[in-house]
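Taking it in order: structure first as structure tokens, then the write-up.
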Amino acid sequence: MIGFDETGGEIKLTIARYYPPSDRNIDKLAAEQDKSITDWGVHPDKGFEVKLTREESNELETLMRDLEIIPSPTGKKLVVDEEKDKQLKAALEFLRKQAAAKSKAAVKPGE
């Protein structure tokens, strides 16, 4: 996001293509244009799949779309509810476990 101090507004810039470190094009449009691309998108690692009901998927899509709307400087900023976003909840649980394990490992015996 790039801020504009004069107005308090922001602009979000995006690019047409994104290549992850594997250098595999994950763009659906590219796959539709280049038939040699048979697998597009990003897939979760095994054990991290999150199944959503149709209703949950629709709610998440609406929330993500609403998050893309830049609020006015005086407007209320949307906050993602961890309980409503199962993907976020799963990611945070994983990170919290990783952080707890690292902090436990960092504590030296006898201290």
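The values are calculated or read from the model by the stated rules, or taken from the named source; none is laboratory data. Everything numeric in this text was worked out from a predicted model, so none of it was measured. Here the Cβ is made from the backbone with ideal geometry for all residues, glycine too, and neighbour counts use every protein chain on show. Note: areas computed on protein heavy atoms with side chains; ligands, DNA, RNA excluded. Shrake-Rupley method; radii C 1.70, N 1.55, O 1.52, S 1.80 Å.
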(request) Check residue 39 against each of (1) of a type outside the set (Phe, Trp, Tyr); (2) part of a loop (DSSP other than H, G, I, E, B); (3) open to solvent by 90 Å² or more (accessible area, probe 1.4 Å) and name the one condition it does not meet. (result) (3)
(request) Those residues that are closer than 25 Å to residue 87 by Cα, open to solvent by 70 Å² or more (accessible area, probe 1.4 Å) and not acidic (Asp, Glu), I need them from the stretch 19-36; list them, please. (result) 19, 21, 22, 24, 28, 29
(request) Would you check if there is a residue in the stretch 58-72 being modelled with pLDDT of 75 or more, at negative phi and touching a helix residue (DSSP H, G or I) at 6+ places or on another chain (Cβ under 7 Å)? (result) no
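Yes or no, residue by residue, for (1) closer than 23 Å to residue 67 by Cα; (2) modelled with pLDDT of 75 or more:
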| site | (1), (2) |
| --- | --- |
| 2 | yes, no |
| 11 | yes, yes |
| 15 | yes, no |
| 20 | no, yes |
| 28 | yes, yes |
| 39 | no, yes |
| 42 | yes, yes |
(message) With the requirement that a residue be surrounded by 10 or more Cβ atoms within 10 Å (Cβ to Cβ), among the acidic types (Asp, Glu) and modelled with pLDDT under 85, what does the stretch 73-111 give you?
(response) 81, 82, 85
(message) Within the stretch 44-55, take every residue that is surrounded by fewer than 10 Cβ atoms within 10 Å (Cβ to Cβ) and under 17 Å from the mean Cα position of the chain (by Cα) and give me the one that is nearest to residue 85 (Cα to Cα).
(response) 51
(request) Being exposed (fewer than 10 other Cβ atoms within 10 Å of the Cβ) and either touching a strand residue (DSSP E or B) at 6+ places or on another chain (Cβ under 6 Å) or farther than 27 Å from residue 22 by Cβ (or both) is the filter here, so list the residues in the stretch 56-71 that pass it. (result) 65, 69
